[in-house]
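The structure appears right after this line, and notes come after that.
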Amino acid sequence: IEFGRPIVLFICRLHPQKRPYLMLQIADQVRQKVPDVAFVVVGDGDLEASLRARTEDMGLQRTVYFLGAKTDVRPYYRDAKATLVCSLKEGLSLTAYESCAMGVPVISADVGGQKDLIDDSVGALVPCLQSEEDDLNEHQYSDEEVTSYVMPLVRILTDETTWRKMSAAARARIEHGFTIRQMVDYFDTEFHRLVTDVNAIASRQKK
């Protein structure tokens, strides 16, 4: 991948839940507006061979690169301009935490707890127009859903001022809102509540 190409990182296991075929459609649309974009896929899984074949069928060999699973992912976040999370289901993905910690804006499906970390200041939340129950193995996606990812990605990749603001905000959000100390304090408070609160004690005794 030539130096200076804008990179979109797609880092996950290659499983239907992560909708990697949607990533390919997004990549196809983004390259029409940002011709030198590179989508870098870090991860492996049962769908890898099929995804590689689909990439060739779509003529995306010079746009989508499969690098396999990596133990140390920091170099890939370092070089990325944005991280794409288009899953059908997440809790609050480790990828989103890692990306923000590295100052990389995140374009994410609005699923699970992603909204607790991702908003317009650090990337974009995109409505998920499919359901895990009905569409887990669906490989075709509406133009509306694809476009809703393409637009913020293109903006981040082409507007350096926007990217810099989002990058700084992403790092700051982790530093000030998602520290180990804050997590420890939260659980410490919750454990104390559970063993001292009258209602919690009554509920526990009843169960």
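Values in this text are rule-based calculations from the coordinates and carry no lab data. Since we're looking at a predicted model, the values are computed, not measured. Methodologically, a virtual Cβ is constructed for each residue, glycine included, from the backbone with ideal geometry; neighbour enumeration extends over all protein chains shown.
Brief remarks follow.
- Overall form of the stretch 4-77 per C-alpha gyration tensor (a/c, 1.5; a/b vs b/c): oblate
- Choice from 19, 171, 74 with maximal GNM fluctuation in the chain (Cα, 10 Å cutoff): 74
- The chain, relative contact order [Cα under 8 Å, separation at least 6], %: 21
- Ratio Rg/Rh [Cα only; Rh per Kirkwood] for the stretch 83-206: 1.12
- Kirkwood-Stokes translational diffusion coefficient of the chain, alpha-carbon pairs, 25 °C, 0.890 mPa s, µm²/s: 135
- Nearest-ten-degree value, helix 48-57 long axis tilted from longest Cα axis of the chain: 40
- Overall, the chain carries a charge dipole of about 620 debye about its Cα centre when +1 sits on the Cβ of Lys and Arg and -1 on the Cβ of Asp and Glu, all other atoms neutral.
- Between the helical axis of 180-196 and the longest alpha-carbon principal axis of the chain there is an angle of about 30 degrees.
- The stretch 38-136 shape via C-alpha gyration tensor axes, a/c threshold 1.5: oblate
- Relative contact order of the stretch 1-113, pairs being alpha-carbon contacts under 8 Å that are 6 or more residues apart, as %: 31
- Helix 20-33 vs. the chain, principal-axis angle (Cα, 0 to 90°, nearest 10): 50
- Taking a straight line from the alpha carbon of residue 81, these lysines sit under 24 Å away, with near neighbours fewer than eight places off in the same chain left out: 18, 33, 70, 89, 115, 165.
- Helix-derived mean residue ellipticity, 222 nm - over the chain, DSSP H n ≥ 4, -39500 (n - 2.57), to 500: -15000 deg cm²/dmol
- The packing ranking of peptides 151-161, 187-197, highest mean first, is 151-161, 187-197, where packing means the average number of other beta carbon atoms within 10 angstrom of each residue.
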